[in-house]
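The values are calculated or read from the model by the stated rules, or taken from the named source; none is laboratory data. Since the model is a prediction, treat every value here as computed from it, not as a measurement. Note: ideal-geometry Cβ built from the backbone for every residue, glycine included; neighbour counts use all protein chains shown.
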Amino acid sequence: MTIAAKWWVCGLLFLATTLNYMDRIALNQMARRIQDAFLLSDTQYGTLEGTFSAVFAFGALFAGWLVDRWDIRILYPLMVFGWSLAGYLTGEVASFWQLLICRAMLGFFEASNWPCGIRTTRLLLPPEERSFGNAIFQSGTAIGAIITPLIILQCLAWADSRQIADPWRLPFRIIGLLGLVWIALWFYVVRQPLRVPTAEAGITQESGSFRDVLRDRRFWVLMIVIIAVNSTWHSFRVWLPKFLAESHGKSETFTQTFSSGYYLAADLGSLSVGMLTLWLARRGMELHTARLVLFGVCAFGTLLAIAVAFLPTGTLLLISLLLLGAAALGLFPTYFALSQQISSVHQGKITGTLGFINAIALAGLFPIQGQLITLTGSYTIPFAVAGLPPMIAFIVLMLFWRRVGDSPPTPAKAN
């Protein structure tokens, strides 16, 4: 595959992640309307998110094993169809339990995006380009989060102007249908199976079993890292709109608009980390060192969550949230790149197993946060604590990552 074609595929990964997040956060962005429609408490809302994460865990494990056995060219669009269908059906539910089932179905299929996407960048790109490729892939989370509030505002305005009952249903239907467009683009661009890469320095022997991966200390370090970076990122994804509305009295229009700005800042943070990693490596800094430096900068940035928890309404709060978003999403390109250093043959299982562990952790986290908010009537404790895990992950990486030589950066060659 030519260099240009590889980056086109990375663009499709970006679009898949965009759709993934559009389907996922539509519920968060319309949480108050949906809670009113079904008379849901904050604890029930937390249960929806917890169920999503629990089923997401098993979906990640299942997809991880499939990815190492099936042709990504076929598997990826099948999974996109599954989560798009779940998103569409969310707009048709008539009860809390139907909503819960659709949320579970969405979690199962959406979990495949990361084993599929990380496997794809692992197949396509050399080590020094992977942080940037992963940043493009992961940046779809932010773009999806930027676009979704805008789509929702337009849909709600259109439906309200025509006095359509339950206008919150319309965005789910529209976003679900967009998955069919992505599937058509994927088959147009990716016309042949992606090849398994050759062996590289720093990865487990290609003939080894997955048990060899589990005996590698780096796998367990990454377990801590993935829980840390996701607990921070997703805590703000889940609760930010309600935090702005309930703790700071912001309107629905302001909340939706600011959410777009928040995710734009997050997108810039992720892309900046990917580009800076490549830039530093090509200018002589050891690749692993470049990754750790940028991870550390982002980990320090997420400590702004402590300030956010206590700041009064005002400009400083909003600026702190924007910087926090950039730092939180900026952690992911390095995590993905490190996970690609262990094994190419078992890449899907690594991503899926780590995703499973992470989702189980998040499944327990959201209901606890919901209960804390209900009991205290405040977001202070959940938000203050949410900024701490990345710093713990950074310390663990510094102390316990077993150094196995990264391949030195080399200029990419056209085929």
Residues of the stretch 287-322 that turn out to be of a type in the set (A, V, I, L, M, F, W, C), under 18 Å from the mean Cα position of the chain (by Cα) and more than 17 Å from Pro241 (Cα to Cα), as a count: 3
Hits in the stretch 270-286 - residues which are over 22 Å from the mean Cα position of the chain (by Cα) and within 25 Å of Leu324 (Cα to Cα): Trp279, Leu280
Which listed residue is part of a helix (DSSP H, G or I), free of Cβ contacts under 8 Å to residues at least 40 places away in the same chain, in contact with a helix residue (DSSP H, G or I) (Cβ under 9 Å, 6 or more places away or on another chain) and not aliphatic (A, V, I, L, M), from Gly82, Gly59: Gly82
Qualifying residue in the stretch 249-267 (condition: at pLDDT 90 or above, surrounded by fewer than 21 Cβ atoms within 10 Å (Cβ to Cβ) and over 19 Å from His234 (Cβ atoms)): no
So Ala384, is it under 30 Å from Trp279 (Cβ atoms) and at pLDDT 90 or above: no
Given (1) in contact with a Lys or Arg (Cβ under 7 Å, 6 or more places away or on another chain); (2) part of a helix (DSSP H, G or I), number of the condition Ser344 does not satisfy: (2)
Residue ID - surrounded by the most Cβ atoms within 10 Å (Cβ to Cβ), chosen from residues in the stretch 284-316 that are closer than 14 Å to Thr380 by Cβ and aliphatic (A, V, I, L, M): Ala305
Matching residues in the stretch 173-193 - criterion: being surrounded by fewer than 17 Cβ atoms within 10 Å (Cβ to Cβ) and either modelled with pLDDT under 80 or not in a helix (DSSP H, G or I) (or both): Arg191, Gln192, Pro193
Every pair of residues 6+ apart whose Cβ atoms lie under 8 Å, when the first sits in the stretch 317-344 and is among the basic types (Lys, Arg) while the second is modelled with pLDDT under 95 and surrounded by fewer than 24 Cβ atoms within 10 Å (Cβ to Cβ): none
